[in-house]
Amino acid sequence: MTQRERGERFRALHAGEPFVIPNPWDAGSARALAALGFPALATTSSGFAFTLGRADGAVTLDELAGHVLAVCDAVDVPVSVDLENGFGPAPGDAAAAIARVAEAGAVGASIEDWDRDEGSLYGIEEAAARVAAAVEAARALPFPFTVTARAEGFVRGVPDLDDVIARLRAYEAAGADVLYAPRLDRLDQVAAIRAATGRPVNVLARPQWTVAEAVAAGAQRVSVGGLLAWVAYDALARAATRIRDDGDLSVLRAAPPPESWLA
């Protein structure tokens, strides 16, 4: 597909049936997930950072752009990007980050309202201005580009649902295509956000929920963030521990990737 076709397909997914968008952490996991039939993918900042041996937030925009290029080259489905806070506090930083990952092949991205340098949430007006700049940059592209605005309160120790909803409403007014409040605790919180806003809602999966439950609460899109990467690393650690402690090589019976993952 061309980038325009990917952008149009990604936009159409948000107007159709609710869907799951898993989060690969490298080109190989992206290839596997696309081969398994997922209609779109989204990068994970924490999962990618760990492939470099770093913590979440310790990746540069240059490194992320290279990662996005590798993922987009590996698959033929739409790819959205976790742009963290847009790699800078100014609205222009968010706009530049959108342009950069679009150049690398992405057709969507998310912008969060957490100031990593100051360790606090941006004020609502400031955060909305950053979303507006991201949207303006997206609309200037020659193909559809879907902007997701994230309200980070539940991630950052400020689990105030009223504040999250106020923020998401401001981001909707600023032009965001999708709204996202990661790490909600309960499905009724998802329902409250859906009832208070008019854009498609992305919901971060929780192990205690099913996809059907998240959709029934109002999710148009269900992502997994870094959780799928940690499932993979947990399996690696368990197998390696058995080899180290017990000399048990039976854990190596896994088959190599099927040809469909590599085609």
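Within the option set Arg167, Arg116, Arg139, being in contact with a Gly (Cβ under 7 Å, 6 or more places away or on another chain) and basic (Lys, Arg) holds for one residue only, Arg116.
If you take the residues of segment 189-225 that are among the polar types (S, T, N, Q) and either free of Cβ contacts under 8 Å to residues at least 24 places away in the same chain or closer than 20 Å to Val147 by Cβ (or both), which of them is surrounded by the most Cβ atoms within 10 Å (Cβ to Cβ)? Can you show your working first?
Restricting attention to segment 189-225, the residues satisfying the condition of being among the polar types (S, T, N, Q) are 189, 197, 202, 208, 210, 220, 223.
Checking which are either free of Cβ contacts under 8 Å to residues at least 24 places away in the same chain or closer than 20 Å to Val147 by Cβ (or both) leaves us with 197, 202, 208, 210, 220, 223.
Values: Thr197: 17, Asn202: 23, Gln208: 8, Thr210: 11, Gln220: 21, Ser223: 25.
It comes out as Ser223.
In segment 239-255, which residues are modelled with pLDDT of 95 or more, assigned to a helix (DSSP H, G or I) and either in contact with a helix residue (DSSP H, G or I) (Cβ under 6 Å, 6 or more places away or on another chain) or surrounded by 10 or more Cβ atoms within 10 Å (Cβ to Cβ) (or both)? Within segment 239-255, Ala239, Ala240, Thr241, Arg242, Ile243, Asp246 meet the criteria.
Looking only at segment 164-178, decide whether some residue is within 20 Å of Thr43 (Cα to Cα), aliphatic (A, V, I, L, M) and either crowded, with 21+ Cβ neighbours inside 10 Å or at pLDDT below 95 (or both). Yes, segment 164-178 has at least one match. Would you please name the residue that is surrounded by the most Cβ atoms within 10 Å (Cβ to Cβ), looking only at residues in segment 17-41 that are of a type in the set (Gly, Ala, Ser) and farther than 15 Å from Asn202 by Cβ? Of everything passing the filter in segment 17-41, Ala30 is surrounded by the most Cβ atoms within 10 Å (Cβ to Cβ).
Does Leu236 fit the bill of being within 17 Å of the chain's Cα centre (by Cα), closer than 19 Å to Phe50 by Cβ and in a helix (DSSP H, G or I)?
Working: within 17 Å of the chain's Cα centre (by Cα): no; closer than 19 Å to Phe50 by Cβ: yes; in a helix (DSSP H, G or I): yes.
No.
Among the residues of segment 143-163, those that are surrounded by fewer than 20 Cβ atoms within 10 Å (Cβ to Cβ) and farther than 25 Å from Asp56 by Cα comprise Phe143, Asp162.
Out of the residues in segment 42-98 meeting the condition of being polar (S, T, N, Q) and more than 19 Å from Glu136 (Cβ to Cβ), tell me which one is surrounded by the fewest Cβ atoms within 10 Å (Cβ to Cβ). Here the residue is Thr60.
Selection of segment 33-68 for residues being in contact with a helix residue (DSSP H, G or I) (Cβ under 9 Å, 6 or more places away or on another chain), hydroxyl-bearing (Ser, Thr, Tyr) and either without any contact (Cβ under 8 Å) to a residue 24 or more places away in the chain or assigned to a loop (DSSP other than H, G, I, E, B) (or both) yields Thr43, Thr44.
Quick grid of which residues meet (1) within 15 Å of the chain's Cα centre (by Cα); (2) farther than 23 Å from Gly16 by Cα; (3) not aromatic (Phe, Trp, Tyr):
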position	(1), (2), (3)
Ser46	yes, yes, yes
Arg54	no, yes, yes
Glu63	no, yes, yes
His67	yes, yes, yes
Ser80	yes, no, yes
Ala90	no, yes, yes
Glu103	no, yes, yes
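Can you tell me which of Val107, Val77, Val68 is closer than 22 Å to Ser260 by Cα, of a type outside the set (Ser, Thr, Tyr), at pLDDT 95 or above and in contact with a Gly (Cβ under 7 Å, 6 or more places away or on another chain)? Outline the logic, then answer.
Values: Val107 fails: closer than 22 Å to Ser260 by Cα; Val77 fails: in contact with a Gly (Cβ under 7 Å, 6 or more places away or on another chain).
The conditions single out Val68.
Out of all the residues in segment 115-123, is one or more touching a residue at least 24 places away in the same chain (Cβ under 8 Å), within 24 Å of Arg221 (Cα to Cα) and touching a Leu at 6+ places or on another chain (Cβ under 9 Å)? No, there is no match, as no residue in segment 115-123 is touching a residue at least 24 places away in the same chain (Cβ under 8 Å), within 24 Å of Arg221 (Cα to Cα) and touching a Leu at 6+ places or on another chain (Cβ under 9 Å).
The values are calculated or read from the model by the stated rules, or taken from the named source; none is laboratory data. Here the structure is a predicted model, which means the values were calculated and not measured. A quick note on method: Cβ atoms are made from the backbone with ideal geometry, for glycine too, and the neighbour counts reach across all protein chains shown.
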